[in-house]
Amino acid sequence: QVQLVESGGGLVQAAGSLRLSCAASGTTFTAYGMAWYRQAPGKQRELVARISRGGTTNYADSVKGRFTISRDNAKNTVYLQMNSLKPEDTAVYYCYVDVLAPGTPSLLGIWGQGTLVTVSS
């Protein structure tokens, strides 16, 4: 089945930047909505940003103006450029992709393994 491999997480100082990548692979499929979620310690997982196949984006209010989500449909890859990072951005970031595989009547949600982003102050 489809697997999502995330990369780009790490330790960064406040006001710094990181770029997360999530590549979908494994089988032939069409990726529709792609998104990044995050979960901070002791908190619920929350939607950070989402991008449609056509490029329409949505962002959580907390990251607007600082984060940019983008995608490369040919590579089945979604990115999250994170600028002006704050300590409160510290969380495990999860990639999510809605996929439609051959023979599948509806979209299936696929999650990445998560990548830790730690922002120090």
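The values are calculated or read from the model by the stated rules, or taken from the named source; none is laboratory data. Treat the numbers as computed from the prediction; the structure is a model and nothing was measured. We place every Cβ from the backbone using ideal geometry, glycine too, and count neighbours over all the protein chains shown. The area values use the complete protein model at the heavy-atom level, side chains included, leaving out ligands, DNA and RNA. Shrake-Rupley method; radii C 1.70, N 1.55, O 1.52, S 1.80 Å.
Kindly state which strands (runs of 3 or more DSSP E) lie completely within the range 1-108 and contain at least 1 residues that are of a type in the set (Ser, Thr, Tyr).
Numbers: elements: 3-7, 10-13, 18-25, 30-39, 46-51, 57-59, 67-72, 77-82, 91-100.
Where strands (runs of 3 or more DSSP E) fall fully within the range 1-108 and carry at least 1 residues being of a type in the set (Ser, Thr, Tyr), they are 3-7, 18-25, 30-39, 57-59, 67-72, 77-82, 91-100.
Can you list residue pairs whose Cβ atoms sit under 7 Å apart, with the first residue in the range 17-46 being touching a residue at least 12 places away in the same chain (Cβ under 8 Å) and within 13 Å of Val2 (Cα to Cα) and the second being of a type in the set (Asp, Glu) and surrounded by 21 or more Cβ atoms within 10 Å (Cβ to Cβ)? Count only pairs 6 or more apart in sequence or on different chains.
Short answer, once both residue conditions are applied: Cys22/Glu6.
Answer yes or no as to whether Ala91 is within 25 Å of Val2 (Cα to Cα) and out of contact with any helix residue (DSSP H, G or I) (no Cβ under 8 Å at 6 or more places or on another chain). Don't jump to the end; show me each part of the working.
Working: within 25 Å of Val2 (Cα to Cα): yes; out of contact with any helix residue (DSSP H, G or I) (no Cβ under 8 Å at 6 or more places or on another chain): yes.
Answer is yes for this residue.
Could you check the range 85-105 and list, in sequence order, the residues that are more than 13 Å from Tyr37 (Cα to Cα) and either among the acidic types (Asp, Glu) or open to solvent by 60 Å² or more (accessible area, probe 1.4 Å) (or both)?
Within the range 85-105, the first condition is being more than 13 Å from Tyr37 (Cα to Cα), and the residues that meet it are 85-88, 98-105.
Lys86, Glu88, Asp98, Pro102, Gly103, Pro105 - these are the residues of the range 85-105 that are more than 13 Å from Tyr37 (Cα to Cα) and either among the acidic types (Asp, Glu) or open to solvent by 60 Å² or more (accessible area, probe 1.4 Å) (or both).
A quick yes/no check of all residues on (1) of a type in the set (S, T, N, Q); (2) within 16 Å of Gly112 (Cα to Cα):
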position: Val12; (1), (2): no, no
position: Ser17; (1), (2): yes, no
position: Leu20; (1), (2): no, yes
position: Ala24; (1), (2): no, yes
position: Thr30; (1), (2): yes, no
position: Ala35; (1), (2): no, yes
position: Arg38; (1), (2): no, yes
position: Gln44; (1), (2): yes, no
position: Ala49; (1), (2): no, yes
